[in-house]
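To start, the structure itself, in structure tokens.
The values are calculated or read from the model by the stated rules, or taken from the named source; none is laboratory data. Just so it is clear, the structure is predicted and the values come from calculations on it, not from any experiment. So basically every Cβ, Gly included, is an ideal-geometry build from the backbone, and we count neighbours across all protein chains shown. What goes into the accessible areas is simple: the full protein's heavy atoms, side chains included, and nothing from ligands, DNA or RNA. Shrake-Rupley method; radii C 1.70, N 1.55, O 1.52, S 1.80 Å.
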Amino acid sequence: SDWSNGFSLESVGVTQIVSMHCSDGRALEVSVSISVPNGRLSSFSKLVKISPRFILVNTLNRSIRLWQNSSLFHSSYSSSVDGRFNSEKRAASYPTNAWNESSKYEYLFGRPAAIHESPDAQIPKGTVAHTSALHALTADPSEAIPFHLPDTRADRQLRVDFGSAWNLSASFPADHIGDCPLKLTRVVDTNLLKHVATRASKEVKLVLPPSDLDKVSDWDGELGIWLETDWGQNEIVVKGTKRDKYCYNDTDIRIG
């Protein structure tokens, strides 16, 4: 890396953020604090303490991954493949590095993105993280691990990952001081949902009234659909569907 920017030794009691340029605008950030020792040394010595910029303390009873990524631009659904979540393919997009102490700094020097975690990491393989996301670290329960932002040029946003069966959390600012409540939801494979089989299809085959009434939720005899002809009077267009009725709850028919 390059030399860091200068910092003052006179700023006693103040924590300073010092960055070192690594490659193409990426920077490694550390915190520097100046203090005065106790006793005789206080009159002519100062202590310079260099610490990691960030430390992840996992107090959960499960392992987690931390990604640098923004949910504003990349939702969990951006990683869908052929209309469904393919965690195995996503895992192939993020090969696992050979475990060593230096590989966690590879991003800073422009090397390819990879999931960097111990072979003994207690987290399912694969992820639904967007391909542009950068893996920061993986932490097992009760672990406290220092880390840095893989790319300081990107959004300074972090997201939590439980593995391939879970969507990522919403992003939260890495520099925020305080609590950020996060919600994680399980991945839903749309191939298992019967009523979305015709999504994006121009032709919809629908039997009315439904023949399998025992599988229909709250059937009361009302279809709940409005139809009209298009401008050319050649096709029928869905004008609307009524909430909590058959066409809304149990089919993929939507306006348009």
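Structure notes:
- Stretchable slack from SER142 to ILE255, in nm (0.36 nm times residue separation minus alpha-carbon distance): 35.7 nm
- For GLN157, residues with placed amide H under 5 Å, excluding near neighbours: ASN69, ALA174
- Contour minus Cα-Cα distance for ASN38 and THR131 (0.36 nm per residue): 28.4 nm
- Remark on ASN167: its backbone amide H falls under 5 Å from those of THR185, ARG186, VAL187, a criterion applied only to residues 5 or more positions apart or on other chains, H modelled at 1.01 Å from N.
- 18 Å reach of a label modelled at THR185, 7 Å along Cα-to-Cβ, counting backbone N of region 219-250: 244, 249-250
- Efficiency of FRET between SER45 and ILE17 - r from beta-carbon atoms, R0 35 angstrom, step 0.05: 0.90
- For the cross-link pairs LYS205/LYS242; LYS125/LYS245; LYS215/LYS242, the ones whose C-alpha atoms lie over 30 Å apart are LYS125/LYS245.
- Virtual spin-label span in nm between LYS242 and PHE172, 7 Å along Cα→Cβ: 4.4 nm
- Sites ALA165 and GLU29 - FRET efficiency at Förster radius 30 Å, r taken between beta-carbons, to 0.05: 0.35
- Carbon plus sulfur fraction of accessible area for region 1-66, probe 1.4 Å, in percent: 54 percent
- In order along region 148-155, phi translates into HN-Hα couplings of 10, 6, x, 9, 6, 7, 7, 4 Hz, rounded to whole numbers, per the Karplus curve 6.51 cos²θ - 1.76 cosθ + 1.60 with θ = phi - 60° and x for Gly and Pro.
- Label-point separation, ALA154 to LEU72 (7 Å along Cα→Cβ), nm: 1.6 nm
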